[in-house]
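The values are calculated or read from the model by the stated rules, or taken from the named source; none is laboratory data. Everything numeric in this text was worked out from a predicted model, so none of it was measured. Heads up, the Cβs are rebuilt from the backbone with ideal geometry, glycines too, and the neighbour counts pull from every protein chain shown.
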């Protein structure tokens with residue numbers, strides 16, 4: 001602001017100062033500025049409200065008892081707040097098992113994809129592989145490959161290998177969500193790490209692999225961590241593969257279980273569903289709160305030059 | 001290798017590496033390349049197994065008659081599956097609906113994302129919290145997004161209708177997911193709620209690399225906010241815009257989860273999308289021939305979209321250089 005005044009020259013400053021706030025034009029300008037500030041605050045409030053309101057509504061519904069829910073609710077707040085829907089879910093094998101399944105499957109795919117992506121990212125960034133550009137292009141396109149176009153063929157193959165209805169089949173399929181972005185992210189991270197450290201160690205006689213393990217990986221830990229978080233979120237998000245490959249309820253993942261939860265012959269018990277939704281959303285919300293910066297920098301790596 | 005250890009205290013190493021004999025350097029480069037392919041192998045093998053292989057298999061199935069209910073099938077049908085697919089009015093309608101949905105939702109999401117990004121680009125108190133709040137819908141599973149909005153839109157117990165009736169507004173008894181148009185609106189809202197944050201984050205990163213001096217210079221030249229937006233912000237935001245466009249177009253084209261959970265393709269099959277039809281052919285009709293053909297169409301469409309954007313990006317870069 002002051003810089004701008006300077007550039008504009010002493011001329012304006014002199015004429016502007018003495019009468020500040022007294023002329024009608026300036027009062028009008030100040031009112032306009034205040035109006036703009038209020039408008040901006042309203043816009044921010046609207047953005048936050050739209051982002052978070054559905055969660056509040058879910059929370060509200062999840063705190064109702066099944067009885068109150070089926071009697072039909074009038075009004076925005078339930079009459080009696082109760083955690084009975086949570087208790088019901090947490091004692092329901094059809095929710096607990098899937099929750100555990102999801103955690104295990106997503107962790108395994110995350111670890112696998114981060115390890116593969118670290119090796120691949122390093123190779124693409126450092127090892128002057130011929131055709132690195134083509135490889136990178138393929139990895140990126142794999143990230144956009146239509147998931148449903150994978151489902152049919154994988155279904156047929158898994159059926160023959162006994163991988164249908166098994167965690168292993170899902171872990172492999174989830175790689176299509178996690179591996180491309182993790183590889184891309186780590187490659188762009190390695191691009192920014194100066195080579196001098198590695199070169200020094202290599203001249204000292206260390207092999208490439210030792211350099212990778214003892215020097216590069218420790219330096220890359222933040223990027224590894226970031227890609228792990230993003231990979232986990234993306235794997236946790238899956239519905240299409242789970243609904244296509246899994247058949248028995250105790251093999252379900254959490255998202256699949258939620259869709260099947262609370263369905264009864266007569267009514268959909270949203271209180272049960274929503275309590276489950278809160279339970280599987282919480283870990284993700286915590287991740288976002290604690291790793292916000294990481295996630296943002298990971299998502300935007302390479303998006304802007 | 002051994003000589004390296006004896007010769008160099010690590011301070012001078014960089015220049016030493018540069019003056020290695022050319023033959024040894026060439027050999028080291030060749031070893032690097034071999035190691036490179038070795039390190040790439042797991043990633044490439046996995047990604048080929050889950051993309052290239054299914055594509056080839058789909059291609060094969062799409063010109064054969066493959067149905068799990070018909071063990072004697074498997075005969076070659078040439079383009080028969082494609083012909084019957086494109087002759088089917090349901091498929092043609094679905095193709096059209098999916099394309100329209102893609103165009104409308106991508107356009108609105110980009111505009112909404114840009115607004116959010118411009119807001120987050122200002123500095124104000126609590127910006128970190130606002131950014132976290134915006135990011136949460138992106139991070140929750142699509143199932144959560146879809147279930148939340150399904151709860152909100154439930155005709156009897158949902159928030160939207162209760163609000164409408166409390167305000168004595170019309171439409172308080174709308175069965176949102178029961179009508180074609182309102183169901184599409186619900187799908188669009190849910191999808192936007194989940195993905196606008198992503199667009200906003202990408203565009204915000206683009207905004208943050210635009211140097212402030214440009215705006216200051218424009219202000220000094222007497223340019224208004226609107227003028228700076230058109231002539232500075234938008235042109236410099238183009239790379240980020242293109243990234244957001246590619247991501248969003250491809251995933252809108254392939255939308256599945258939201259539709260599956262919100263409407264199951266109904267009422268009738270008016271909210272089915274290409275991916276949904278693909279799922280139905282595979283897992284309900286177990287017709288892997290027709291399903292394969294749909295998959296091939298999906299892959300070709302996404303390749304076209306990706307290639308189109310890349311082309312747009314290239315010619316655009318050429319233009320700015322000139």
inquiry  = Name the residue that is nearest to the other protein chains (Cβ to nearest Cβ), counting only residues in the stretch A:29-68 that are under 24 Å from residue A:269 (Cα atoms) and more than 32 Å from the chain's Cα centre (by Cα).
reply    = A:68
ask   = What are the residues in the stretch B:249-278 that are at the interface with chain A (Cβ under 9 Å from one of its Cβ atoms) and closer than 18 Å to residue B:141 by Cβ, if any?
value = B:251, B:254, B:256, B:257, B:260, B:261, B:275
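Each row is one residue, and each column tells you yes or no for (1) surrounded by fewer than 13 Cβ atoms within 10 Å (Cβ to Cβ); (2) on the phi > 0 side of the Ramachandran plot; (3) more than 8 Å from every other protein chain (Cβ to nearest Cβ).
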| residue | (1), (2), (3) |
| --- | --- |
| B:149 | no, no, no |
| B:161 | no, no, yes |
| B:170 | yes, no, yes |
| B:218 | no, no, yes |
| B:224 | yes, no, yes |
| B:232 | no, no, yes |
message = All but one of (1) in contact with a helix residue (DSSP H, G or I) (Cβ under 6 Å, 6 or more places away or on another chain); (2) modelled with pLDDT of 90 or more hold for residue B:300; state the number of the condition that does not hold.
response = (1)
Hits in the stretch A:174-197 - residues which are under 23 Å from residue B:31 (Cα atoms), part of a helix (DSSP H, G or I), in contact (Cβ under 8 Å) with a residue 40 or more places away in the chain and within 10 Å of chain B (Cβ to nearest Cβ) = A:183
query = Mind checking whether some residue in the stretch A:228-246 is more than 11 Å from chain B (Cβ to nearest Cβ), touching a helix residue (DSSP H, G or I) at 6+ places or on another chain (Cβ under 7 Å), in a helix (DSSP H, G or I) and over 26 Å from residue A:55 (Cα atoms)?
reply = no
request  = Specify which of the listed residues (B:250, B:242) is surrounded by 16 or more Cβ atoms within 10 Å (Cβ to Cβ) and either under 21 Å from residue A:148 (Cβ atoms) or free of Cβ contacts under 8 Å to residues at least 40 places away in the same chain (or both).
outcome  = B:250
ask   = Looking at B:74, B:78, which is the one that is surrounded by fewer than 18 Cβ atoms within 10 Å (Cβ to Cβ), at pLDDT below 95 and more than 20 Å from residue B:285 (Cβ to Cβ)?
value = B:78
ask   = Does residue A:206 meet the test of being within 11 Å of another protein chain (Cβ to nearest Cβ), assigned to a loop (DSSP other than H, G, I, E, B), in contact with a helix residue (DSSP H, G or I) (Cβ under 9 Å, 6 or more places away or on another chain) and farther than 22 Å from residue B:148 by Cα?
value = yes
request  = Considering each residue of the stretch B:207-227, count those that are assigned to a helix (DSSP H, G or I), under 28 Å from residue B:133 (Cβ atoms) and without any contact (Cβ under 8 Å) to a residue 40 or more places away in the chain, and give that number.
outcome  = 3
